[in-house]
Amino acid sequence: MGISLVGHRSKKDGIMKDLAIIGGGLAGLIAGLIARRMGHSVVLYEKKGYPFHKVCGEYLSLESEPILRWLGLPIEEWKLPLLTQFRITHPNGREFKAQLPLGGIGISRFTLDHFLQAKLMEEGGTVLDNTRVTSISTLDNNHIIISDHPEFQEQEARIVFTAAGRNRPSFPALQETGQTGKRYVGVKLHVSADIPTNQIELHHFPGGYCGISAIENGGYCLCYLIEESMIKICRGNLEETEQRYLHQNPTLKRYFTQFPKLTERVSTAGVFFTARNVHADGMLFLGDTAGMIPPLAGNGMSMAIHSAVLATNLAHRHFTGSLGKQDLGMLYESEWNQAFSGRLRMARTLQSIMEKPGMTALSMAAFQAFPGLFRLAVSQTHGTKIPVPVW
């Protein structure tokens, strides 16, 4: 646990931070690091203890490469796999292969998040893991954060970022209504595999799809998304679910029966892809908290990083006096929509196609006949390289 008391004196005679971040995943950690390098004090809350596994495809588009290098990620030293080829299969035996535009790198969240957490502590950020935030209130245009940390139960901050992933904290200002549509369960484990290290694969099965790609140290991330109703049919038994549904794709049957497991499964329920608000009550939402991109688009990690850059740039403008707090949320929403709304629309369209076996097979045939359609679909869910923050 890292403790730092860098900050300003608050009106309550305590140490006030410039920025408080709820959630210590990719978006929260990178926002904290950028803010520290801009010279601002940061406290970050994470309910789990580092390091930990989390459900994620663990494919990072190369649009994030410049900022990852700026943060110090040792891409060459760790020999992270470069993913340049794509393969998709259907239960009927059809498959499609193509070169992956732009490409990406493979790295587990266990390794990446732990690296960023250590870097944030090294650079003077306060990291409170194994800590739950229980409430947030406002005082004189600042925020009061109450947590269950034994030493830092109450903290004042000028700005709050919420980067808690798909599940927002249960505070009134963060609650959403009217969420509709299908709910999914995501499951991830690491395996040993005999597929090319430069290839990312996507395998369709009734009710979902499963991706696999190389990560660090010779392992592979095997991650699937399935309709929640199908998990319930199998009474929550994941092995039974895999045998009943995933094994209908011969490729997945081989992978799940022959590839040795390196980790146990981790799972998350209640996944949905409807639109969300990106700010509320003076707080900015980052990553999946603002809008979850369907995993098949292969860009959720890069979106998390990009949202951290957008939010922190605006926070810096506020801290330095060039942007009023009353304008912070609306400007962030405008920039967020410009960067991501088109990608999310395309990703949700692809998601709806993947829900229908017939449409998936038809799309694969179209990609085979017209390879340009595949390149167009990928380009619509990816952006240009994320610029390194300049201030």
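The values are calculated or read from the model by the stated rules, or taken from the named source; none is laboratory data. Keep in mind that what you see is a predicted model, and the values were worked out from it rather than measured. Cβ placement follows ideal geometry from the backbone for every residue including glycine, while neighbour counts extend to all protein chains displayed.
Some observations on this one:
- Test: residue in segment 258-268 that is touching a Lys or Arg at 6+ places or on another chain (Cβ under 9 Å), outside the structural domain of HIS190 (by TED's automatic domain parsing) and either on the phi > 0 side of the Ramachandran plot or among the basic types (Lys, Arg) (or both): no
- Among the residues of this structure, THR126 does not count as one that is surrounded by 18 or more Cβ atoms within 10 Å (Cβ to Cβ), among the β-branched types (Val, Ile, Thr) and within 22 Å of ARG254 (Cα to Cα).
- Test: SER334 is at pLDDT 95 or above and not hydrophobic (A, V, I, L, M, F, W, C): yes
- Pick from segment 240-274, criterion of a type in the set (A, V, I, L, M, F, W, C) and at pLDDT below 95, ranking: farthest from GLY291 (Cα to Cα): ALA269
- Here GLY57 meets each of (1) more than 19 Å from ALA31 (Cα to Cα); (2) outside any loop (DSSP other than H, G, I, E, B) with one exception, condition (2).
- One residue from GLY104, GLY93, GLY165 being within 24 Å of the chain's Cα centre (by Cα) and assigned by TED's automatic domain parsing to the domain that holds LEU202: GLY104
- The listed residue being crowded, with 22+ Cβ neighbours inside 10 Å, of a type outside the set (Phe, Trp, Tyr) and not assigned by TED's automatic domain parsing to the domain that holds ASN92, out of MET346, MET301: MET301
- Boolean, ILE305 is in contact (Cβ under 8 Å) with a residue 60 or more places away in the chain and either part of a helix (DSSP H, G or I) or not polar (S, T, N, Q) (or both): yes
- Every condition in (1) farther than 30 Å from GLY324 by Cα; (2) touching a residue at least 60 places away in the same chain (Cβ under 8 Å); (3) out of contact with any strand residue (DSSP E or B) (no Cβ under 8 Å at 6 or more places or on another chain) holds for GLY104 except the one numbered (3).
- Residue within segment 184-201 that is of a type in the set (Gly, Ala, Ser), over 16 Å from THR360 (Cβ atoms) and within 20 Å of the chain's Cα centre (by Cα) present: yes
- Search result, residues across segment 329-376 that are free of Cβ contacts under 8 Å to residues at least 24 places away in the same chain, in a helix (DSSP H, G or I) and of a type in the set (Lys, Arg): ARG345
Residue by residue, here is whether (1) closer than 23 Å to LEU328 by Cβ; (2) more than 21 Å from the chain's Cα centre (by Cα); (3) in the same structural domain as GLY25 (by TED's automatic domain parsing) holds:
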residue	(1), (2), (3)
THR126	yes, yes, yes
THR131	no, no, yes
THR134	no, yes, yes
ASP140	yes, yes, yes
ILE145	yes, yes, yes
ASP148	no, yes, yes
ILE159	yes, yes, yes
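- Conditions (1) among the hydroxyl-bearing types (Ser, Thr, Tyr); (2) more than 30 Å from HIS143 (Cβ to Cβ); (3) assigned to a loop (DSSP other than H, G, I, E, B); number of the one not met by SER267: (3)
- Within segment 158-172, considering residues that are in contact with an Asp or Glu (Cβ under 8 Å, 6 or more places away or on another chain) and either of a type in the set (Val, Ile, Thr) or within 29 Å of VAL55 (Cβ to Cβ) (or both), the one modelled with the lowest pLDDT: ARG168
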